[in-house]
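Working notes, beginning with the structure itself.
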Amino acid sequence: MYLTASSLKDYLLCPFKFKLSHVEKLRKKTPKAILAFGTTVHAAIAKYFIERENPAETFKRIWILESETEYEFSNGDNHETLLLQGEKMLSQWQSDPDTPVEASSIEKTRYIEVANRVPFWSTIDFTGEGGELLLDWKTSTTKYSEFKAKLDLQLTAYAYVLSVTEKAPSKVGFGVLIKKKIPEIQYCFSERTAEDFKNFEELVLKVFRDIEKEHFFKIPGMQCSWCDFLPVCMEEPDAKSKFIITSDRYLSR
């Protein structure tokens, strides 16, 4: 067993969700289109920094290949509307004056042991400015709140990983591509301190001990309304038949 930033957040939100997603490795047979959309945006951005290929064109080429894939769409979207939206967002992102020009690393996978105890994997979207800048790319329908970059656990996790493998970045933040009729780009930044890293270590150690003890209880809340595993929790007939078992992202590498 190992942790990632996303699995750590899942456990804190609901340990039972963590069990289904990261122990049993269940995924919906029909994936959500918005997740595939975000993955394609990430791929286009990475291609831009690595090969200087136009990100809107990269997105279009990849997304067209997805036209026959069955997805679960929401908010009136379909393959065509998301194609047009992705092209517009990435064109706006490329021309935005705050978009970084050069990268130090792109989508680089790193492994550490938190506090010399907990196996921890991460794939960090972007580092720049000689390792001083850490960015995580996001797609969203709204702007991020001011506190998001300051408190986000994922950014803390990534900054901690870099502090172990290379050096702690002096600035961390989000590059947000906002999905609107006229797309907007938002960059929000913060920093991480030694105290943040200490708190992160303590949190990871506590969660890992609870996982080892198989403390996979349910935490009902607002998050249930958008959780993929709600039919399982509600014990609906054949609920697990709607899922497949996926391969391990890191251990199967």
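Numbers for the structure displayed
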| item | result |
| --- | --- |
| Gain upon complete extension [R52, E80; 0.36 nm per residue less C-alpha separation] | 7.5 nm |
| Residues of the chain: accessible area per residue with a 1.4 Å probe, Å² | 53 Å² |
| Cα→Cβ-extended label distance, 7 Å offset, between K29 and N116, nm | 4.9 nm |
| The range 87-110 versus the range 185-253: alpha-carbon centroid distance in Å | 28 Å |
| The chain, helix-only ellipticity at 222 nm - DSSP H runs n ≥ 4, -39,500 (n - 2.57), divided by all residues, nearest 500 | -12000 deg cm²/dmol |
| Residues of type lysines that K17 reaches as a straight line, Cα spacing below 21 Å, ignoring anything fewer than 8 places off in the same chain | K9, K25, K28, K29, K32, K206, K213, K218, K240, K242 |
| Listed candidates (i) 28.6, 93; (ii) 20.6, 62; (iii) 18.8, 54 - label of the one calculated as Rg and Dmax of the Cα atoms in Å | (iii) |
| Tensor-based shape of the range 130-253 (alpha-carbon gyration tensor, a/c under 1.5 rounded, otherwise prolate or oblate) | oblate |
| Gyration tensor (alpha-carbon) shape descriptor, the range 202-253, a/c threshold 1.5 | oblate |
| Residue-count net charge about Y11 - beta-carbon cut-off 11 Å; Lys, Arg +1, Asp, Glu -1 | +2 |
| Full-extension gain in nm, T193 to T109, via 0.36 nm per residue minus C-alpha separation | 28.0 nm |
| Environment charge of S104, counting only residues whose C-beta is closer than 14 Å and scoring Lys/Arg +1, Asp/Glu -1 | -2 |
| Contact order relative to length of the range 157-217, as percent, for alpha carbon pairs under 8 angstrom and 6 or more apart | 24 percent |
| Dipole of the range 92-204, positive end: most advanced residue of T127, P97, P183 [Cβ charges, Cα centre] | P183 |
| Counted charge near A239, where neighbours are those whose Cβ lies closer than 15 Å (Asp, Glu -1; Lys, Arg +1) | +3 |
| Rounded to the nearest 20 debye, dipole of the range 1-76 from Cβ charges on Lys, Arg, Asp, Glu | 300 debye |
| Rounded, prolate or oblate (a/c below 1.5 giving rounded, otherwise prolate when a/b exceeds b/c) for the range 42-149 by Cα gyration tensor | prolate |
| Gain upon complete extension [M1, S241; 0.36 nm per residue less C-alpha separation] | 83.9 nm |
| Percent accessible area from carbon and sulfur atoms, the range 147-208, protein chains only, probe 1.4 Å | 55 percent |
| Isotropic mean projected area of the C-alpha convex hull, the range 1-57 (nm²) | 5.5 nm² |
| Residue list for the range 34-72, given a label point 7 angstrom along the Cα-to-Cβ vector of V101 and an amide N cut-off under 17 Å | 49-53 |
| Whole-Å distance, taken between Cα centres, linking the range 9-59 and the range 155-178 | 18 Å |
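The values are calculated or read from the model by the stated rules, or taken from the named source; none is laboratory data. Please read these numbers as outputs of a predicted model, since none were measured by experiment. Positions of Cβ are generated from backbone atoms using ideal geometry, with glycine treated the same way; all protein chains shown enter the neighbour counts. Side chains are part of the model used for accessible areas, which takes the heavy atoms of the whole protein and leaves out ligands, DNA and RNA. Shrake-Rupley method; radii C 1.70, N 1.55, O 1.52, S 1.80 Å.
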